[in-house]
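Read-outs: derived from the displayed coordinates by stated rules, not from any lab. This one's a predicted model, so the numbers in the text were calculated from it and none came from an experiment. We place every Cβ from the backbone using ideal geometry, glycine too, and count neighbours over all the protein chains shown.
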Amino acid sequence: MTTTTPGTAQVELAIGGMTCASCAARIEKKLNRMDGVEATVNYATEKAKVTFSADIPVADLIATVEATGYTAEEPAPPRSETPGADGPSDEEKADAELRPLKQRLITAVALAVPVIAMAMVPALQIEYWQWLSLTLAAPVVTYAAWPFHRAAWTNARHGAATMDTLISVGTTAAFLWSLWALFFGTAGTPGMTHPFEFTIARTDGAGNIYLEAAAGVTAFILAGRYFEARSKRKAGAALKALMQLGAKEVTVIENGREITVPTAELQVGDRFLVRPGEKIATDGTVVEGSSAVDASMLTGESVPVEVGVGDAVTGATLNAGGRLVVEATRVGADTQLARMAKLVEDAQNGKAAAQRLADRISAVFVPVVIALSLGTLGFWLGTGQGLTAAFTAAVAVLIIACPCALGLATPTALMVGTGRGAQLGILIKGPEVLETTRKVDTIVLDKTGTVTTGRMTLLKVHTAAGTDETDVLRLAGALEHSSEHPVAQAVATGAAARVGALPTPEDFANVPGLGVQGVVDGHAVLVGREKLLEEWAMELPADLKSAKDAAEKAGKTAIAVAWDGEARAVLEVADAIKETSAEAIRRLKALGLTPILLTGDNQAVAESVAAEVGIGEVIAEVMPQDKVDVVKRLQAEGRSVAMVGDGVNDAAALAQADLGLAMGTGTDAAIEAGDLTLVRGDLRAAADAIRLSRKTLGTIRSNLFWAFAYNVAALPLAAAGLLNPMIAGAAMAFSSVFVVGNSLRLRGFQAADK
């Protein structure tokens, strides 16, 4: 249980006994009738997410669910990873739940196949075939179909009717009719035969049995249930894999000793060792050593990241290089991995507006179908077509109407879509996000950290005639390396990357506000503003002066370099544009979005960046607190706005936007405010996120369309007597499997850059 706003709490209950969307709708309705309770029940994940007044005991919520005819319990506390330490694993529990269903399915199929074969093929109808059919069908209708009968009885005791009611009533009616025909009619006569027909043969019914319908429907529906259950497990596999990424054990350093403990025992402030090839146990900061960290399993980024002392590292990433000592900054549910898993799970527990409609329909669907079945029976009897035709049409209506496909349409697509997104470093916060992505027409992009890297970088080196660029970088880089200024560090880092190891200055002095000066390899070197050179009676040559003016006009920082009494070069330093930003903008435009660059920088810098990546509209010199007003203004113009940002100053705008996309490399505030989190920090992921969201929504809509279309088309056919009950059962089971299979296609979604 967790506390949300003051006076309220939230709990996630594991629900047992649900067999269809109508069950979920009933539980949800009962919980929401309680004062101070707001609940969402998901049939696919078998969970209820409940927000309630803090003065309501969780036991009361559980009692309400149980009074409705189902079971409920709070999730078990985190389990030790030691096999067998705290009972069976989640996988073993899932297998145990599937095992009885599998056994009933095997029984049903093994016994129903010969019953169906004898009913379909007159050549197999030996002298006492009907009695053999009864012997084989009886265990199917009783033992194999028992879960349906039990659920129907439980629902009936609570004054409700669900999909199981339809199955139970339909199969029982077909079986009882067959018993009557065998014992009291003419169907039990030795040598009796009847052909298998797709349409209803209108006879008096005394010589007709429907054991193949009772056994076949049970087998088909059990098969559908079994494969649905397996598919639901497969759909949630990405989330399970994500939650299992973390290290199971960690080597903690205490008083100079190395002690191996379970990761769950780590505390904030603990220092732990990460050897090459090991996973980093939790989020932390490097306090000793340097290495390359492979974060591909978490972010989708294949290039290892170099880290050193002071750099932050994320739990579950792989140490691909040297030995590291890390100080834990986040543990347990606070880690990025745990938060990612929670975001995915929350999304899977939500409901899109389309599914809320489907749930409402499912809640009234069953009583309507039973009424329609009775009406069909009455109509056929009233028109004098005979009891057989009337009965068979009524049973077909009951069987074909099972609303399973409606209940699975949204949850399965959501589970697969959000799970696949997590694998690609795209976290979808909730199902309503999917609906928003289709409406968005404008995307506002924060500049720093989103379109650009967010850190100063050495971009260009302009040299005077007769000066070698390598000498400039070696001397300027060596001097700047001794300074802590961000611009100086950008020069030093860029120089080291291009020329290798830098010499150590023999003398160094910082000139506040102007730059640095010192002696490197016997040369008197100046690096800083043009004014620093002027104080030493040096002027920039015309070509370097022009380069400096052009750089500053474009919003870049220009740094003059001189040694031995002569100006030698001008360096350009700026916040570098990410290599992938221009491609990302092209992809966003291809999705029908209009990009706008939003920044607090000056107009010249903003326009320079926008021109380089292909953005046509710029809003510059905006104070952090005014960003939300920009979003509101765009919305007032009738635009549906998406916002991409990474900083604390973007949080309000992300929350205000119709769709907030937070860069995972940004601050916690931004990530919490966003609807989508882009773990990779690559702007191309924004386009992938919108594509995945739209594709998931499209899958939900196609699932719902086919589920509704199936029922709308099939019910009149069944009522008209054009569907044998067995064929109706097969079609109903297929519709559910189709919905799940259609959803599983989302597992093949690929990022455009993969």
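Taking 1.306 mPa s as the viscosity and 10 °C as the temperature, the Stokes-Einstein diffusion coefficient of the stretch 146-192 based on its alpha-carbon Kirkwood radius rounds to 133 µm²/s.
Mean projected area of the Cα convex hull of the stretch 35-74, taken over all directions, amounts to 2.9 nm². Computed extension length for Ile56-Glu288: 78.6 nm, one decimal, from 0.36 nm per residue of separation with the Cα-Cα distance subtracted. For Arg568, the amide hydrogen comes within under 5 Å of the amide hydrogens of Val561, Ala562, Trp563, counting only partners 5 or more places away or on other chains and with H modelled in the peptide plane.
When only DSSP loop residues count, what GluC sites (Glu not before Pro) in the stretch 484-537 have their Cβ near at most 11 other Cβ atoms within 10 Å? Please report the intermediate quantities before stating the final value.
Details: sites: Glu484, Glu506, Glu530, Glu534, Glu535; in loops: Glu484, Glu506.
Hits after loop and neighbour filter: Glu484.
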